[in-house]
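Here the structure is laid out as structure tokens; the discussion comes afterwards.
The values are calculated or read from the model by the stated rules, or taken from the named source; none is laboratory data. Note that the coordinates shown come from a computational prediction; the quantities given were computed from them, not determined experimentally. As a convention, Cβ positions derive from the backbone with ideal geometry for all residues, glycine included, and neighbour counts pool all protein chains shown. For the accessible areas, the whole protein counts, side chains as well, though only heavy atoms, and no ligand, DNA or RNA atoms are used. Shrake-Rupley method; radii C 1.70, N 1.55, O 1.52, S 1.80 Å.
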Amino acid sequence: MKALIPAAGYGTRFFPATKCVPKELLPVGNKPAIQWIVEEAIEAGAEEVVIVTSPEKQILRDYFSESSLWHTRLAKKEEAMRELTRVEELSRKIRFVDQLEQRGLGHAVLQAASLLRDEKDPVLILLGDALVGGHPSASAEMAALSLRCANASVVGLELVPEEKVSRYGIIAGVPSAEDGRTFGITDIVEKPKREEAPSNLAVAGRYLLSPRIFELLETQRPGVGGEIQLTDAIQKLLGLEPVYGYLYPGKRFDIGNPEGYLICLQEFAPRTVQ
Ligand code: UTP
């Protein structure tokens, strides 16, 4: 399995902190948010992770690169050296592509088409500003569900209050297992009006999508907000292949705004503090 992390957004909800530092590099405990996400992908079985970024965010590439300077500096600092080695091990599994214009999540995903469109297995997509708690991780559980369903696509879900459905991609689905967490998706709509929302099951930062999604994104017209929406391409995928929804038990944290970041720190940071 390959993974894809869209991380090219401007981060305007967290301005001015994100003027120079990408939100994906904000620290959560002793490591940046995106490292938690890369680790989740690799632990779920991804052998390679493609990060979609932009030339303005060169510092993301710098973080995931080998540094002889740091090797020299940390030569006698065993613990810090272990962390450096860990980052470098992850770096060897990462490739970067650029999104030159921020035209939405679907457009960001499309930028990785040349690297991922010929994959046989579904591609794991993890939003670069969403951390998810819980063990096993949402990605690992979704990968296991996909395997049980003949390699089908799986979209991670969470329940949201009815008054907030217009902020999310919302699905219509039929429960397809007794666990109450698995749904056969019949429809999906981006940011519906409250009265038109088919449910309060929202798409929540993790996707395992058939590589066919790249072909669909190539012809995807801009949708809500004038952006190329991944949700709209998934809507088309529904007409071609089964797509499941999985209400993962872990809690999702949106680190793309100061409030979500603070809540995330309370949950994740203690795990890295001795
Ligand atoms: P968001 O909409 O939360 O990110 O996208 P944003 O555009 O940075 O948000 P603002 O500016 O605060 O409103 C979810 C994920 O998709 C990536 C973002 O980096 C984030 O990880 N993304 C979004 C892209 O890579 N490209 C885009 O054009 C939009």
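Its Cα centre serving as origin, the chain has a Cβ charge dipole (Lys and Arg +1, Asp and Glu -1) of approximately 500 debye.
Taking all Cα pairs closer than 8 Å and separated by 6 or more residues, the relative contact order of the stretch 124-274 comes to 33 percent.
For 167, 148, 61, give the ranking by accessible area with the largest first, probe 1.4 Å. Walk me through the intermediate numbers first.
Values: 167 145, 148 170, 61 55 Å².
Sorted descending by solvent-accessible area, the residues read 148, 167, 61.
Given a cut-off of 24 Å, what percent of all Cα-Cα pairs of the stretch 45-175 lie beyond it?
Numbers: 4026 of 8515 pairs.
Beyond 24 Å sits 47 percent of the P(r) for the stretch 45-175.
Expressed as a whole percent, the accessible area of the chain that falls on carbon and sulfur atoms is 51 (1.4 Å probe). If R₀ is 41 angstrom, what is the calculated FRET efficiency for the pair residue 70 and residue 186, using the beta carbon separation as r and rounding to 0.05? Once the sixth-power term is evaluated, E becomes 0.20. Average accessible surface for the chain: 49 Å² per residue, computed with a 1.4 Å probe over protein heavy atoms with every protein chain in place. Percent antiparallel among DSSP beta bridges with both residues in the chain, to the nearest 5? Of the beta bridges lying entirely in the chain, close to 60 percent run antiparallel.
In this model, which of 2/57; 23/120; 2/23; 120/236 are farther than 25 Å apart at the alpha-carbon? Result: 23/120 exceed 25 Å. Under the classification rounded if a/c is under 1.5, otherwise prolate if a/b is larger than b/c and oblate if not, where does the stretch 101-257 fall, given a ≥ b ≥ c as square roots of the Cα gyration tensor eigenvalues? Judged from the Cα gyration tensor, the stretch 101-257 comes out rounded (a/c under 1.5).
Averaging the sequence gap over all C-alpha pairs within less than 8 Å and six or more residues apart, then dividing by the number of residues, gives the stretch 210-271 a relative contact order of 19 percent.
Put a plus charge on the Cβ of each Lys and Arg, a minus charge on the Cβ of each Asp and Glu, and nothing anywhere else: the dipole of the stretch 1-78 about its Cα centre is then about 420 debye.
The accessible-area ordering, largest first, of the residues 103, 92 stands as 92, 103, per a 1.4 angstrom probe.
Taking the square root of 5 times each eigenvalue of the Cα gyration tensor, what semi-axes in Å does the equivalent ellipsoid of the chain have, largest first?
Calculated on Cα positions only, the semi-axes equal 30, 20, 19 Å.
Taking all Cα-Cα distances within the stretch 131-177, those exceeding 15 Å account for 57%. Ordering 85, 219, 272 by accessible surface, largest first, gives 219, 85, 272; the 1.4 Å probe counts only protein heavy atoms, with every chain in place. Placing unit charges on the Cβ atoms of the charged side chains and taking the dipole of the stretch 1-42 about its Cα centre, the candidate lying farthest along the positive direction among 33, 18, 1 is 18. Relative contact order of the chain: 24 percent, from C-alpha pairs under 8 Å at least 6 residues apart in sequence.
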